[in-house]
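In what follows, a structure is listed as structure tokens, so that the remarks can point back to it.
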Amino acid sequence: MAVSPLAPQSFQSRASEEVADREITEQMNDEVRHKYIKAKKLGEGTYAVVYLGHIRTDPTSFVAIKKIKVNTEYRDGLSMDAIREVKYLQELSHPNVIALHDVFSSKDQNLNLVLEYLPRGDLEMLIKDSDIHYGAADVKAWMGMLTRGIWFCHENFVLHRDIKPNNLLIASDGEVKLADFGLARSFADPYSNMTHQVITRWYRPPELLYGARQYSGAVDIWSVGMVFAELLLRVPFVAGNSDLDQITKICEAFGTPTEENWPGVSKLPNFIPADNNHTVPTQGREFFLRQFPTAGSVGADLLMSMCSLDPRKRSTAYQALQHSWWTAEPRPTNKEYLPRKSGGTRKMGDDLTRRGGELDDQFKNAARQLDFGSMKG
Amino acid sequence: MAANYWASTQRRHWLFTRERLAEIRESFKEKDKAAHSQFPLPDQRLLNIYFNQQLIKLGKRMATRQQALATAQVYIKRYYTKNEIRNTNPYLVLTTAFYLACKMEECPQHIRFVVGEARGLWPEFIAPDVSKVGECEFSLISEMQAQMIVHHPYRTLSELQPELSLTSDEIALAWSVINDHYLTDLSLLYPPHVIAVMAVIVAVVFKPSSQTGFHGSAAPIAGAMRDGGMNILAALGDKGGAGPPPRIQKLIAWLAESEVDIKAVIESTQELVSLYEVWEQYSEKNCKELLGRLVKSKSLDK
């Protein structure tokens, strides 16, 4: 492997000594690399190629190998997406977070992430597939796994910032796994700013749409609430076609943010004062129950607590997990018996090559270039 | 800070014993005795002082957080536990560690800007081609096995402030002690909370004699710390003894009740004392010359 800061040696003897120097770390890397076999390409995006692979000694234990394209010829260094993904997955280990088994570098100087193989697609596939029928017990099981995953991230001071159904992948045993940490970051220090340009629009909370630069885990909880609503309705609940449209739709659905129901909202940079002739009162429990009858009154209450306009009033992941809905009837479906769909392998290729913050198929003009041709056959 | 220190890659893969660290360095020397005698380098700590000063210069015109500089210093240390420094261009490693650390600590800088600044400082060692830094970044990440989150003592220090009712002077002093610990091997030897506790002790116990600040006039402080260190040692051995003033007694009582590894705290205090002693010999010119000769003679900048 050519390793850059090491200069080419002018003397033959030096060169061989350098080889000796390099041996230990290179050997370690080689050991990891040789542990896996790359089989076929599952998908390709602008920033990564995903392969199906398996452990050399055990062809039945599959892995997904995500080869990160180190910007061709290192023009701009490794992208923030890739950095973030590796950074967090290296440290986070939880049943509901995709596992990073290994990292190795290949001869062509690419970084390879060996990820847990999740063959059963993602939640979006299940939501969209009208042939699949599921009920409140199934939704409860999926939501439980999602909420535990996000609780674990927050407990470790990590914001995911891109929760949406197609980032929630499904393992062969039915376990839901949080994937795509390309937009994740640690909680900022108090009073320091973060970008508000995160989270795919339909799952983006009102504070980010209003341009808040200081925010908390509540942004992810809003997204979790939107996923919850979508699982129940089987269509995205608030699907704006622009940021402005998104905020309008949120106001229509949940109520108009005002200084009364959300102290401080009018000071947010992109706040748009409500038209006095057209304000919607903050929606109460009846609204949620009417909109989401399948959730039952306890479920509607949990959903409402996740969709509070004021992020300070929104429940935290920890509070959400303590909600009585989880223990109310019906019991969550055992993960082995959850509805399933085949053909998820190819989907994993898609899911893992998407850039953060992008909508999947809904927007034809999304800046996403997948080479579907290579996946056929 | 992100994730949990106790489960972190830092704790699992990047803590060394002193013996292991010495062994690694000895093995580099064994492998290339000729280079070691041909290109002598100053004491590791003096080199670290030089690297730190260069990093500060590099970050000067960018909005860099202290934490990014700290992370960069840890990356450099980790990198040189895997690679003999005499086979590298330290200026390139420095620039790259800075560039990667900025991304990790959420204050990213464009690679062109970083390379531009680096070329302004060390034109003879940094090529205009940004791809060198890109390549080196890849190597740095590979050598660190993509384990890039570094837990620093700064946050523990802020958490200790109310607990130990530390004054703002004490916090400032402890903060600069933490900055200084990156000039030693301490970040490879002990967990961040041990360093934070050590910094608090140094700040509280030695504050009166350190009005001048640590940098520059290090020797008298080192002396004071050595004597003070003895007091602490004595006080810890003799809990509730009538020796030290109440403020210090309170700190000692807290320490005794905490489950912090006291031996590690004392050892790191001593490490800091010897840093301040060796600081006396620091010469920027000397570091610069020796590194320059190394890089140029071995054409490491090509």
Quiz prompt | Selected residue (criterion: modelled with the lowest pLDDT) from residues of region B:1-42 that are closer than 23 Å to B:Ala70 by Cα and polar (S, T, N, Q) | solution = B:Asn4
Exercise. Select from region A:102-154 the residues that are touching a strand residue (DSSP E or B) at 6+ places or on another chain (Cβ under 8 Å) and small (Gly, Ala, Ser) and write down the one among them that is surrounded by the most Cβ atoms within 10 Å (Cβ to Cβ).
Key: A:Gly149
Quiz prompt | Residue selected from region B:82-111 under the condition in contact (Cβ under 8 Å) with a residue 60 or more places away in the chain and within 8 Å of chain A (Cβ to nearest Cβ), by the criterion farthest from B:Leu294 (Cα to Cα) | solution = B:Lys82
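Rundown of residues vs (1) closer than 18 Å to B:Asn179 by Cβ; (2) of a type outside the set (D, E, K, R), yes/no style:
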| position | (1), (2) |
| --- | --- |
| B:Phe16 | no, yes |
| B:Glu23 | no, no |
| B:Lys31 | no, no |
| B:Leu46 | yes, yes |
Quiz item: Before we move on, is B:Pro123 part of a loop (DSSP other than H, G, I, E, B), free of Cβ contacts under 8 Å to residues at least 12 places away in the same chain and not assigned by TED's automatic domain parsing to the domain that holds B:Trp175?
Solution: yes
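A quick yes/no check of all residues on (1) in contact with a helix residue (DSSP H, G or I) (Cβ under 8 Å, 6 or more places away or on another chain); (2) free of Cβ contacts under 8 Å to residues at least 60 places away in the same chain; (3) crowded, with 18+ Cβ neighbours inside 10 Å; (4) not hydrophobic (A, V, I, L, M, F, W, C):
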residue: A:Asn276; (1), (2), (3), (4): no, yes, no, yes
residue: A:Gln283; (1), (2), (3), (4): yes, yes, no, yes
residue: A:Pro311; (1), (2), (3), (4): yes, no, yes, yes
residue: A:Tyr318; (1), (2), (3), (4): yes, no, no, yes
Quiz item: Restricting attention to region B:161-178, does a residue exist that is within 14 Å of chain A (Cβ to nearest Cβ) and in contact (Cβ under 8 Å) with a residue 40 or more places away in the chain?
Solution: no
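Do you know which of the residues in region A:160-210 that are among the hydrophobic types (A, V, I, L, M, F, W, C) and within 15 Å of A:His94 (Cα to Cα) is nearest to the other protein chains (Cβ to nearest Cβ)? Before you say what the answer is, go through the steps one by one.
Applying the first criterion (among the hydrophobic types (A, V, I, L, M, F, W, C)) to region A:160-210 yields A:163, A:168-171, A:176, A:178-179, A:181, A:183-184, A:187-188, A:194, A:198-199, A:202, A:208-209.
Adding the requirement that they be within 15 Å of A:His94 (Cα to Cα) leaves A:168-171, A:176, A:178-179, A:181.
Numbers: A:Leu168: 21, A:Leu169: 21, A:Ile170: 25, A:Ala171: 21, A:Val176: 21, A:Leu178: 14, A:Ala179: 17, A:Phe181: 11 Å.
Among those that are among the hydrophobic types (A, V, I, L, M, F, W, C) and within 15 Å of A:His94 (Cα to Cα), it is A:Phe181.
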Practice problem: May I ask you to list the residues in region A:92-101 that are surrounded by fewer than 23 Cβ atoms within 10 Å (Cβ to Cβ) and within 11 Å of chain B (Cβ to nearest Cβ)? | Solution: A:Ser93, A:His94, A:Leu100
Quiz item: Can you name the number of the only condition in (1) in contact (Cβ under 8 Å) with a residue 60 or more places away in the chain; (2) of a type in the set (A, V, I, L, M); (3) surrounded by fewer than 20 Cβ atoms within 10 Å (Cβ to Cβ) that A:Ala229 fails?
Solution: (3)
Quiz item: Do we have A:Lys66 as closer than 29 Å to A:Lys335 by Cβ, surrounded by 17 or more Cβ atoms within 10 Å (Cβ to Cβ), more than 9 Å from chain B (Cβ to nearest Cβ) and out of contact with any Lys or Arg (no Cβ under 9 Å at 6 or more places or on another chain) here?
Solution: yes
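Residue-wise test of (1) over 20 Å from B:Glu143 (Cβ atoms); (2) in contact with a Pro (Cβ under 9 Å, 6 or more places away or on another chain); (3) within 10 Å of chain A (Cβ to nearest Cβ); (4) assigned to a helix (DSSP H, G or I).
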position	(1), (2), (3), (4)
B:Gln10	no, yes, yes, yes
B:Phe16	no, no, no, no
B:Arg20	no, no, no, yes
B:Glu23	no, no, no, yes
B:Lys29	no, no, no, yes
B:Ala34	yes, no, yes, yes
B:Ser37	yes, no, no, yes
B:Pro40	yes, no, no, no
Quiz prompt | B:Leu41 out of contact with any Leu (no Cβ under 6 Å at 6 or more places or on another chain) and of a type in the set (A, V, I, L, M, F, W, C) | solution = no
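Yes/no matrix, rows are residues, columns are (1) modelled with pLDDT of 90 or more; (2) crowded, with 17+ Cβ neighbours inside 10 Å; (3) not aromatic (Phe, Trp, Tyr):
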residue	(1), (2), (3)
B:Ala127	yes, no, yes
B:Glu137	yes, yes, yes
B:Ile178	yes, yes, yes
B:Tyr182	yes, yes, no
Quiz item: Looking at region B:73-81, is at least one residue part of a helix (DSSP H, G or I), within 13 Å of chain A (Cβ to nearest Cβ) and among the hydroxyl-bearing types (Ser, Thr, Tyr)?
Solution: yes
Exercise. With the checklist (1) of a type in the set (A, V, I, L, M, F, W, C); (2) surrounded by fewer than 16 Cβ atoms within 10 Å (Cβ to Cβ); (3) at pLDDT below 85 in hand, flag the one item A:Ile55 doesn't pass.
Key: (3)
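Quick grid of which residues meet (1) of a type in the set (Phe, Trp, Tyr); (2) surrounded by 20 or more Cβ atoms within 10 Å (Cβ to Cβ); (3) out of contact with any His (no Cβ under 6 Å at 6 or more places or on another chain); (4) farther than 30 Å from A:Leu183 by Cα:
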site: B:Phe39; (1), (2), (3), (4): yes, no, yes, yes
site: B:Ala72; (1), (2), (3), (4): no, yes, yes, no
site: B:Tyr79; (1), (2), (3), (4): yes, yes, yes, no
site: B:Leu92; (1), (2), (3), (4): no, yes, yes, no
site: B:Ala97; (1), (2), (3), (4): no, yes, yes, no
site: B:Cys107; (1), (2), (3), (4): no, no, yes, no
site: B:His110; (1), (2), (3), (4): no, no, yes, no
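Take the conditions over 22 Å from the mean Cα position of the chain (by Cα) and not small (Gly, Ala, Ser) and apply them to A:Asp301. Does it pass? Spell out how you get there, then give the answer.
Values: over 22 Å from the mean Cα position of the chain (by Cα): yes; not small (Gly, Ala, Ser): yes.
So A:Asp301 passes the test.
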Quiz item: If you check A:Val19 against the conditions, is it at pLDDT below 55, more than 24 Å from the chain's Cα centre (by Cα), within 14 Å of chain B (Cβ to nearest Cβ) and part of a helix (DSSP H, G or I)?
Solution: yes
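Take residues that are over 21 Å from the mean Cα position of the chain (by Cα) and modelled with pLDDT under 95 and tell me which of the helices (runs of 4 or more DSSP H) falling wholly in region A:187-259 contain 1 or more. Please lay out each step first, then the result.
Working: elements: A:206-209, A:218-233, A:243-254.
The helices (runs of 4 or more DSSP H) meeting that bar are A:243-254.
Each row is one residue, and each column tells you yes or no for (1) at the interface with chain A (Cβ under 7 Å from one of its Cβ atoms); (2) aromatic (Phe, Trp, Tyr).
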position: B:Val114; (1), (2): no, no
position: B:Phe125; (1), (2): no, yes
position: B:Phe138; (1), (2): yes, yes
position: B:Ile141; (1), (2): yes, no
position: B:Gln145; (1), (2): yes, no
position: B:His151; (1), (2): no, no
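The values are calculated or read from the model by the stated rules, or taken from the named source; none is laboratory data. None of these values were measured; they are calculated from a predicted model. Here Cβ is always computed from backbone atoms with ideal geometry, including for glycine, and neighbour counts include all displayed protein chains.
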